[in-house]
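First up is the structure itself, then whatever we jot down about it.
The values are calculated or read from the model by the stated rules, or taken from the named source; none is laboratory data. No experiment lies behind these values; they were computed from the predicted model shown. Here the Cβ positions follow ideal geometry from the backbone for every residue, glycine too, while neighbour counts run over all protein chains shown.
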Amino acid sequence: MTDFNQPLGGNQMPRFAGPATMMRLPTQASAEGLDVCFVGVPMDIGTSNRSGTRHGPRQIRAESCMLRPYNMATGAAPFDSLQVADIGDIAINTFDLKKSVGIIEAAYDEILKHKVIPLTLGGDHTLTLPILRAMKKKYGPVAMVHIDAHADINEHMFGEAIAHGTPFRRAVEEGCLQGDKVFQIGLRGTGYSAEDFDWPRNQGFTVVTAEECWHKSLTPLMEQVRQKIGNHPCYITYDIDSLDPAFAPGTGTAEIGGLSTWQALEIVRGCRGLNIVGGDLVEVSPPYDPSGNTALIGANLLYEMLCVLPGVKYAR
Ligand code: MN
Ligand code: MN
């Protein structure tokens with residue numbers, strides 16, 4: 001077990017002290033030799049309303065200081081069998097969104113040269129498009145579990161093809177997604193037309209609105225997700241605004257009537273058994289998160305993603 005990096009324990013260094021890396025893991029400059037890497041994309045220039053997600057990765061890392069290695073609910077022991085480290089942030093160009101998208105794609109091309117699963121700390125949802133572009137080059141069109149208040153399939157935003165509300169329209173057009181193996185969970189709110197959620201359905205996506213999730217466990221839904229996706233390479237993209245703003249107010253485009261934290265756990269834990277090739281947690285905006293709870297939830301959901309990756313040992 002000493003062969004694997006371990007999160008720095010609270011009895012070695014107080015939890016509030018030391019460098020704020022994800023889960024207080026060691027850092028390294030590249031993904032070489034890792035099974036899983038945490039990587040930050042500190043970007044908010046793709047947002048349409050309140051900004052601030054550029055501060056997301058740093059705050060998620062800070063709030064991850066309470067995370068301990070073993071998952072008491074599921075028995076997952078990710079640090080017993082996987083080599084994990086924090087490889088830092090991608091140096092986006094904060095003055096140019098299109099250039100930043102190119103920078104992100106090039107960075108993931110580099111990361112994916114290694115046999116590694118990247119888990120990304122966002123950042124606004126624009127960042128998932130360049131990641132999916134890089135994923136396509138390695139895996140072909142991927143399956144996707146997308147948890148969000150929004151479908152993010154706009155044709156344009158203010159005339160622009162690239163923004164945080166368009167990544168999955170572009171991803172479909174570019175052949176990055178296996179449409180019949182895409183699930184969008186938690187969609188809700190007001191739309192530009194009554195047919196807004198029909199476009200993804202017409203691509204073969206399964207749309208599960210927030211209203212369909214209310215008042216119930218999502219464990220049975222995840223059984224269907226696993227059945228449909230099977231062993232196909234699968235990407236998880238978790239937009240924190242899928243949660244109700246009562247839980248996660250620190251985000252830019254909040255919608256009422258969202259998921260609960262326990263439903264979020266059921267969704268991510270329900271991804272166990274999928275052939276997960278990458279994941280991200282996006283849209284945490286610390287300026288709107290005075291308690292830190294939104295970033296805290298983000299840190300925990302990234303840990304839960306780590307716990308369901310292929311190759312994780314379970315202590316029981
Ligand atoms: Mn989104
Ligand atoms: Mn959203």
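Data table
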{"read-out": "Residue check, M135 more than 16 Å from ligand 2 (Cβ to nearest atom) and either aliphatic (A, V, I, L, M) or at pLDDT below 95 (or both)", "value": "yes"}
{"read-out": "Residue in region 11-22 that is β-branched (V, I, T), closer than 23 Å to G122 by Cβ and crowded, with 22+ Cβ neighbours inside 10 Å present", "value": "no"}
{"read-out": "Among residues of region 131-156, those that are away from ligand 1 (no atom under 12 Å from the Cβ) and closer than 22 Å to N49 by Cβ, counted", "value": "2"}
{"read-out": "Residue among G204, G189 that alone is touching an Asp or Glu at 6+ places or on another chain (Cβ under 6 Å) and within 15 Å of ligand 1 (Cβ to nearest atom)", "value": "G189"}
{"read-out": "Enumeration of residues in region 138-157 that are touching a residue at least 12 places away in the same chain (Cβ under 8 Å) and part of a loop (DSSP other than H, G, I, E, B)", "value": "G140, P141, D148, A149, H150, A151, D152, I153, N154, E155"}
{"read-out": "Total residues in region 274-292, condition part of a loop (DSSP other than H, G, I, E, B) and either within 16 Å of ligand 1 (Cβ to nearest atom) or over 18 Å from I147 (Cα atoms) (or both)", "value": "7"}
{"read-out": "Residue that is nearest to ligand 2 (Cβ to nearest atom) [pool: residues in region 144-164 that are within 25 Å of K181 (Cβ to Cβ) and among the acidic types (D, E)]", "value": "D148"}
{"read-out": "Filter result for G189 (surrounded by fewer than 20 Cβ atoms within 10 Å (Cβ to Cβ), in contact (Cβ under 8 Å) with a residue 24 or more places away in the chain and within 13 Å of ligand 2 (Cβ to nearest atom))", "value": "yes"}
{"read-out": "Some residue of region 103-118 being at positive phi and not aliphatic (A, V, I, L, M)", "value": "no"}
{"read-out": "Meets criteria (outside any loop (DSSP other than H, G, I, E, B) and either within 15 Å of ligand 1 (Cβ to nearest atom) or surrounded by fewer than 18 Cβ atoms within 10 Å (Cβ to Cβ) (or both)) for E223", "value": "yes"}
{"read-out": "Some residue of region 121-129 being surrounded by 23 or more Cβ atoms within 10 Å (Cβ to Cβ) and away from ligand 2 (no atom under 16 Å from the Cβ)", "value": "yes"}
{"read-out": "Test result for A76, touching a helix residue (DSSP H, G or I) at 6+ places or on another chain (Cβ under 8 Å), surrounded by 15 or more Cβ atoms within 10 Å (Cβ to Cβ) and more than 23 Å from D289 (Cβ to Cβ)", "value": "yes"}
{"read-out": "Sole exception among (1) surrounded by fewer than 24 Cβ atoms within 10 Å (Cβ to Cβ); (2) among the hydroxyl-bearing types (S, T, Y); (3) within 13 Å of ligand 2 (Cβ to nearest atom) for Y238, by number", "value": "(1)"}
{"read-out": "Every residue from region 18-42 that is touching a Cys at 6+ places or on another chain (Cβ under 9 Å) and not charged (D, E, K, R)", "value": "G18, A20, M23, Q28, S30, A31"}
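Quick grid of which residues meet (1) over 17 Å from the mean Cα position of the chain (by Cα); (2) surrounded by fewer than 20 Cβ atoms within 10 Å (Cβ to Cβ); (3) in contact (Cβ under 8 Å) with a residue 12 or more places away in the chain; (4) away from ligand 2 (no atom under 13 Å from the Cβ):
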site	(1), (2), (3), (4)
K216	yes, yes, no, yes
C271	no, no, yes, yes
D280	no, no, yes, no
E283	no, no, yes, no
G298	no, no, yes, yes
L306	no, no, yes, yes
